[in-house]
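The values are calculated or read from the model by the stated rules, or taken from the named source; none is laboratory data. Note that the structure is a prediction, hence the values are computed from the model and not measured. Every residue, glycine as well, gets a Cβ built from its backbone with ideal geometry; the counts of neighbours run over all protein chains shown. Areas reflect the complete protein model, heavy atoms only, side chains present, ligands, DNA and RNA absent. Shrake-Rupley method; radii C 1.70, N 1.55, O 1.52, S 1.80 Å.
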Amino acid sequence: MKLLYLDCQSGISGDMTLSALIDLGADIHYISEHLEKLPIDPFTLNVKQVDKRGISAKLLDLQFQEAEHSHTHSHDDNHSSGHSHEHSHSHSHSHNHEHEHLHDHHHSHGHSHSGHEHAHDDGHHSHSHRKASTILGMIGNSELPPRVKQRSLAVFRVIAEAEGKIHGMDSEEVHFHEVGAMDSIIDIIGVCLALESLGVDRIAASPVPTGHGKIMIAHGLYPIPAPATAEILKGVPLADFHVRGELTTPTGAAFLKALADDYGQLPGLAIDNIGYGAGKKNFEHPNVLRALMFNEETATAREKISVLECQLDDSTGETLGYVMERLLGAGALDVYYTPVAMKKSRPGTLITVLAKPENAFVLEDILLRETSTFGVRKTDWTRRILDREFKIVATAFGSITVKVGRIEGEIIKMSPEFEEVKKAAAAHKVPLRDVFLAVQQAAGTHVETLDNVRY
């Protein structure tokens, strides 16, 4: 499975994400061809190479050529991370920033980012609007690949729901300004097409900074993060990166909220490839989004486990034995007890349980119900394990099951099942060591597969 990790050290926006994925290897022609089948304004989609404080990155260059409101849309980020658009319109329309693409009927846009003021004069020309429901319907009825549809709809819904809550209206009644709608459609569906081009199965992301300061939007001067961005980022880990300006836009936030499966630091896997997407604004740090590709299949021997712990100072040996049986019977991978010195110099027992994450709740319940503890601690770990399989080895003392451990096909170790060795030794009245030696000698000659599955 291919894992994409979005490293949002300088925030994230729609155009930065799309350009980073193209830099990572997504086919821009594949993206354009699918987008051109949609009922949107004619456009050209390109990227250009730029330098962001020593890092070579791709900057998105999106242009619309529709006669009525032809404009050059160079996705920049005069506001921050790459998404305060510059437009040169034939009808004297200086368009606003991304987070105003989706809004209610109060569309007298205008905002200021880092000293750049954008004024919207609807007296010269009036654009039509597209409801969120119209855009969702367009995507649903399109010929886009199924996973692209699913991801695109999820992102648009996240933005529409946030804007609907902010403006106190039904999410499907929220409107996209016509020009802004085109930009958002390219960014959002383009990113989902790029994910499909790259064959991305899972997405993870770093904590994301929002930036700080003020931003002028249609309804006045608002704090950063903008209301819609803050609403979308509920539940997404934030990074403490103190930079003046808007680092994360609503579309960028929506990618993290709708598409990311996990949040956290870089995974413990080998990096396959890296792409950089640039924002136009220059900061004292490289204003780029870094996209890293991993292949989880190259690290199938590392798995996630949950570790449960609690300590007791008033349990009998019989109780501890019973609890261990219950835990192992309920699916614990391992259970062990450690003698510990507790407060008031009392001798106690630390119970440690290794479990698959999906079994952790049931095992916690057993500890809380069957022991005297008032709480159970849970931590998530990863472990590297050998590929395992069971084989049957024929010996002079009978057939013995052996657990075989491999790394990339190479046998690293074999371990006979102790209970079978014990029974064989008792039946033939020989020491355990003799049976172990017999298994070891026979394992290199005749080995019959019993069950070639990992566990």
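Some notes on this structure:
- Packing-based order for 151-159, 39-47, 369-377, using average beta carbon neighbours within 10 Å, highest first: 151-159, 39-47, 369-377
- Ranked by the mean number of other Cβ atoms within 10 Å of their residues, highest first, the peptides 393-401, 243-251 come out as 243-251, 393-401.
- In this structure, the residue pairs whose Cα-Cα separation is over 22 Å, taken from 391/413; 356/413; 2/52; 48/234; 378/403; 356/378, are 356/413; 2/52; 48/234; 378/403.
- Only protein heavy atoms count here; under a 1.4 Å probe, residue 169 has an accessible surface of about 50 Å².
- Computed over protein heavy atoms with a 1.4 Å probe, the carbon and sulfur contribution to the accessible area of the range 243-340 reaches 47%.
- Ranking by accessible area, most exposed first, for 5, 276 with a 1.4 Å probe: 276, 5
- Relative contact order (%) - criterion: Cα under 8 Å, at least six apart; region: the range 334-443: 15 percent
- Taking all protein chains together and a 1.4 Å probe, the residues 386, 238 rank 238, 386 from largest to smallest accessible area.
- Label point distance in nm, residue 2-residue 147, each placed 7 Å from Cα along Cα→Cβ: 0.8 nm
- Which of 389, 408, 303 is most accessible, then next, and so on - probe 1.4 Å: 408, 303, 389
- D (Stokes-Einstein, µm²/s), Kirkwood Cα radius, the range 147-253, 0.692 mPa s at 37 °C: 218 µm²/s
- Label-to-label distance for residue 392 and residue 172 is 6.1 nm, based on points extended 7 Å past Cα in the beta-carbon direction.
- Three principal axis lengths of the range 215-301 [C-alpha, angstrom, descending]: 53, 28, 20
- Basic side chains Lys and Arg get +1 at the Cβ, acidic Asp and Glu get -1 at the Cβ, and with that the dipole of the range 328-455 about its Cα centre reaches some 640 debye.
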